[in-house]
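Student: One structure, pasted below without further comment.
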Amino acid sequence: MDIVIIGSGNVAAVLGRKFKAAGHKILQVVGRNASAASALAYELDTESANYMTLLNKNADVYIIAVSDDAIEKVITELELPGKVVVHTAAAVSKDILKNVTEHYGVFYPLQSLRKETSSLPDIPVFFEGNDEVAQKKLETLANSISSQTSTSTGDEYRLKLHVAAVFVSNFTNHLYALAESYCKKEGLDFRHLLPLIEETALRTRTTLPSQSQTGPAIRHDTETIEKHLELLKEHPRLKNIYTLLTESIQQSI
Ligand SMILES: NC(=O)c1ccc[n+]([C@@H]2O[C@H](COP(=O)([O-])OP(=O)(O)OC[C@H]3O[C@@H](n4cnc5c(N)ncnc54)[C@H](OP(=O)(O)O)[C@@H]3O)[C@@H](O)[C@H]2O)c1
């Protein structure tokens, strides 16, 4: 397929690489940041533009991979009759695109994507077209880059998935970042924790998280918890989070 990518951030870069690796032709990368758009275009062996007025109108599919809040602004005055146009946001209705074309939808990669990544991970894709034309094209495109594709059933379904994704990825990573900062302040090496991080994540493949909780909270080791909280007096933000999560673990039994 011939594809135009609008945006030059994380999703634009990783999906662009996936499309290229699958044999699709990227006709253009359009981004307001001229240097990021041209760097991505160079990597994808195509041309770039930094104004929507210069948009190439010859593609089969247009992927709008900009920040959620920017989608509305980017599509102002955009008209692509006959083309399939999608955005990549889980939390934005597909209908935001209804004045752009008669064939529109969402192409949501359920993965944490960073343009700096050196590998191309398998990315579960949830796609949904508003009509058969969009649905068929998106299905073909999704299957060409992913072994885990699903038709998502409506905006609310994707939004709910997104909430769950924030818990398992964004919040978890934030906890890693807090531990990293704590280790730095206390003179500990964060890398000692990497095997633990990996084991905890890998275990979810075989055991439900609700069945595999360990640690002082689930054991009700009150004295240990008190010692931890005493140490965390120097780190009030961490102390609050520790207390909140300890209570949550104990309530969920
Ligand atoms: N990253 C993920 O893991 C992930 C996964 C699934 C879905 N998504 C969705 O994919 C979309 C893009 O996410 P991302 O992670 O790729 O974001 P990102 O790396 O922050 O890139 C955002 C892109 O949007 C552009 N942009 C921001 N505001 C704009 C505006 N007002 N006008 C024009 N362009 C604007 C940025 O341009 P500048 O560089 O000039 O700021 C950049 O090209 C979002 O809807 C997000 O919800 C992300």
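Student: Would you say A90 is assigned to a loop (DSSP other than H, G, I, E, B), of a type in the set (A, V, I, L, M, F, W, C), within 15 Å of the ligand (Cβ to nearest atom) and touching a strand residue (DSSP E or B) at 6+ places or on another chain (Cβ under 9 Å)?
Tutor: Yes; evaluated as a whole, the condition is true for this residue.
Student: Return the pairs, sorted by first residue and then second, in which the second residue is among the small types (G, A, S) and surrounded by 14 or more Cβ atoms within 10 Å (Cβ to Cβ), the first residue lies in the stretch 169-195 and is assigned to a helix (DSSP H, G or I), the beta carbons are less than 6 Å apart, and the residues are 6+ apart or on different chains.
Tutor: S169/S112
Student: Would you confirm whether or not the stretch 23-33 contains a residue that is surrounded by fewer than 19 Cβ atoms within 10 Å (Cβ to Cβ) and within 19 Å of G154 (Cα to Cα)?
Tutor: No.
Residue by residue, here is whether (1) farther than 24 Å from P121 by Cα; (2) part of a loop (DSSP other than H, G, I, E, B) holds:
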position: K18; (1), (2): no, no
position: A37; (1), (2): no, no
position: N56; (1), (2): yes, yes
position: A70; (1), (2): yes, no
position: E77; (1), (2): yes, yes
position: V86; (1), (2): no, no
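Student: List pairs: first in the stretch 88-114 and within 16 Å of A12 (Cβ to Cβ), second basic (K, R) and away from the ligand (no atom under 11 Å from the Cβ), Cβ under 7 Å, 6+ apart or cross-chain?
Tutor: Cβ pairs passing all conditions: V106/K94.
Student: On the basis of being more than 13 Å from the ligand (Cβ to nearest atom) and either under 20 Å from G129 (Cα atoms) or of a type in the set (F, W, Y) (or both), does Y42 make the cut? Give the steps one after another, and end with the answer.
Tutor: Values: more than 13 Å from the ligand (Cβ to nearest atom): yes; either under 20 Å from G129 (Cα atoms) or of a type in the set (F, W, Y) (or both): yes.
Yes.
Student: Moving on to the next point. If you check every pair at least six apart or on different chains, which have Cβ atoms under 6 Å apart with a residue in the stretch 35-55 that is at pLDDT 95 or above and of a type in the set (S, T, Y) first and a residue that is in a helix (DSSP H, G or I) and surrounded by 17 or more Cβ atoms within 10 Å (Cβ to Cβ) second?
Tutor: That search, which allows pairs on different chains as well, returns S48/A37; S48/S38; S48/A41.
Student: Mind checking which residues of the stretch 2-19 are away from the ligand (no atom under 15 Å from the Cβ) and either farther than 21 Å from L54 by Cβ or crowded, with 20+ Cβ neighbours inside 10 Å (or both)?
Tutor: If the condition is that a residue be away from the ligand (no atom under 15 Å from the Cβ) and either farther than 21 Å from L54 by Cβ or crowded, with 20+ Cβ neighbours inside 10 Å (or both), then I3 is the only one that fits.
Student: Please count how many residues of the stretch 150-170 are among the aromatic types (F, W, Y) and surrounded by 11 or more Cβ atoms within 10 Å (Cβ to Cβ).
Tutor: 1
Student: For the stretch 45-69: of the residues being among the small types (G, A, S) and surrounded by 16 or more Cβ atoms within 10 Å (Cβ to Cβ), which is nearest to the ligand (Cβ to nearest atom)?
Tutor: Of the stretch 45-69, the ones among the small types (G, A, S) are 48-49, 59, 65, 67.
When the remaining residues are screened for being surrounded by 16 or more Cβ atoms within 10 Å (Cβ to Cβ), the result is 48-49, 59, 65.
On the way: S48: 11, A49: 12, A59: 18, A65: 5 Å.
Only one residue tops the list, namely A65.
Student: Suppose we filter the stretch 93-123 for residues that are near the ligand (Cβ under 9 Å from one of its atoms), among the aliphatic types (A, V, I, L, M) and assigned to a strand (DSSP E or B); how many remain?
Tutor: 0
The values are calculated or read from the model by the stated rules, or taken from the named source; none is laboratory data. Since the structure is predicted, the reported quantities are computational estimates derived from the model, not experimental observations. FYI the Cβ positions are ideal-geometry reconstructions off the backbone, even for glycines, and counts take in every protein chain you see.
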